[in-house]
Amino acid sequence: MLIILLGPPGAGKGTQAEKIVNEYNIAHIATGDILRNAVKEETTLGRKARQYMDQGQLVPDELVVEIVKDRLLEPDCTNGALLDGFPRTVVQAAFLEQVLPDIKARIDRVLSVEVEEGELINRLTGRRICCDCGASYHVKFKPPKVRNVCDQCGGDLYQRSDDTLETVKERLAVYKKQTEPLISFYREKGVLSAIDGNQDIDSVYKQINSILKDY
Ligand code: AP5
Ligand code: MG
Ligand code: ZN
């Protein structure tokens with residue numbers, strides 16, 4: 001099973017991905033998480049990626065496609081994978097088409113999570129992340145039981161450095177220009193399902209689940 005989660009920053013890709021991979025027992029491949037880890041560990045990749053991420057720009061395609069190719073070959077992907085935040089450009093989508101035969105996979109569904117722009121800004125500027133396990137919260141929409149403490153592991157919560165209003169606006173503009181064209185790319189291939197992401201977290205998941213249960 002190979003599923004792609006497509007959608008603007010703040011659409012709830014990471015939030016829904018956590019639920020999907022638990023239920024369907026497939027690997028979660030989030031390029032944003034992999035890149036943030038590389039930045040934290042100060043690897044060569046992290047040093048190259050940081051400048052782009054801090055400015056809300058996409059990391060160059062050639063760096064990202066290598067990460068995904070290697071990741072798809074890891075043993076936990078044999079049962080399938082959920083791509084969260086990849087592909088994000090037409091070049092990345094074309095690359096994915098090329099490597100799929102090598103791993104004997106095909107794209108089952110592309111879920112395009114659609115959310116109003118004002119709501120995206122509210123979600124991103126109120127998001128908080130656990131510094132230990134990466135779990136995601138929201139000060140209003142998904143608050144932890146104890147303020148600034150992770151429910152799952154007790155770690156401290158922090159705000160992502162690209163979740164400031166200014167960088168969020170840049171990320172939304174980058175999405176429109178570079179990623180939105182993928183919606184028609186996948187619609188033409190007949191694999192796209194639109195999801196109304198404006199609803200609460202559980203209602204969005206119900207829509208997703210009603211589509212995925214057939215695959
Ligand atoms: P990435 O980490 O992928 O960020 P993004 O696409 O901007 O998306 P987000 O993670 O911000 O949003 P999300 O949709 O996951 O929302 P979430 O579930 O957290 O990428 C970061 C950077 O890395 C990029 O800018 C780029 O530089 C680089 N990068 C990554 N992939 C790349 C690629 N393929 N190519 C090139 N560069 C790449 O939810 C957001 C908030 O809303 C949370 O607080 C959550 O609790 C809340 N929430 C979620 N759902 C709901 C709901 N239904 N109702 C109310 N609140 C909700
Ligand atoms: Mg995310
Ligand atoms: Zn945690």
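Among the listed pairs 19/177; 13/189; 104/169; 140/176; 40/145, those whose Cα-Cα separation exceeds 32 Å are 104/169.
Our summary gives the chain a relative contact order of 30 percent, counting only alpha carbon pairs under 8 angstrom and 6 or more residues apart. Listing 64, 39 from fewest to most neighbouring C-beta atoms within 10 Å gives 39, 64. Both radii come from the Cα set of segment 74-215: Rg as radius of gyration, Rh as Kirkwood radius; their ratio Rg/Rh reads 0.99. Considering only 11, 27, 94, the Gaussian network model of the chain with Cα springs below 10 Å gives its largest mean-square fluctuation to 94.
The alpha carbons of segment 106-183 stretch over 40, 35, 19 Å along the principal axes, in descending order.
Based on Cα coordinates alone, diagonalise the gyration tensor for segment 1-132, multiply each eigenvalue by 5, take square roots, and list the semi-axes in whole Å, largest first.
Values: eigenvalues 100, 73, 44 Å².
Equivalent ellipsoid of segment 1-132: 22, 19, 15 Å, largest first.
Near residue 70, once Lys and Arg are set to +1 and Asp and Glu to -1 for all other residues with Cβ below 14 Å from its Cβ, the sum equals -3. Under the simplified labelling scheme, the residue 103-residue 159 pair shows an inter-label distance of 3.5 nm, with each label point 7 Å from Cα along Cα→Cβ. Taking Cβ atoms as reference points and 11 Å as the exclusive limit, the residues near residue 173 contribute a net charge of +1, counting Lys and Arg as +1 and Asp and Glu as -1.
Mind checking the dipole of segment 98-215: about its Cα centre, +1 per Lys or Arg Cβ, -1 per Asp or Glu Cβ, Debye to the nearest 20? Each step should come with its number before you reach the end.
Numbers: 19 positive and 19 negative charges, 29 e Å.
That gives a dipole near 140 debye.
In the elastic network of the chain, a GNM with C-alpha springs shorter than 10 Å, the most mobile of 145, 13, 169 is 145.
The calculated 222 nm mean residue ellipticity attributable to helices in the chain amounts to -13000 deg cm²/dmol, summing -39500 (n - 2.57) over DSSP H runs of n ≥ 4 and dividing by all residues.
Ranking 141, 86 by Cβ neighbours within 10 Å, fewest first, what do you get? Each step should come with its number before you reach the end.
Details: 141 15, 86 23.
Starting with the residue having the fewest Cβ neighbours, the order is 141, 86.
Given their separation in residues at 0.36 nm each and the Cα-Cα distance between them, residue 194 and residue 54 gain 47.4 nm when the chain is fully extended. Full extension of the segment from residue 42 to residue 151, taken as 0.36 nm per residue of separation minus the current Cα-Cα distance, would add 36.5 nm.
All of the numbers you see were taken from the coordinates with simple rules; none came from a lab. In this text the structure is predicted, and so the values were computed from the model without any measurement. With ideal geometry, Cβ positions are generated from the backbone for all residues, glycine too; neighbour counts draw on all protein chains shown.
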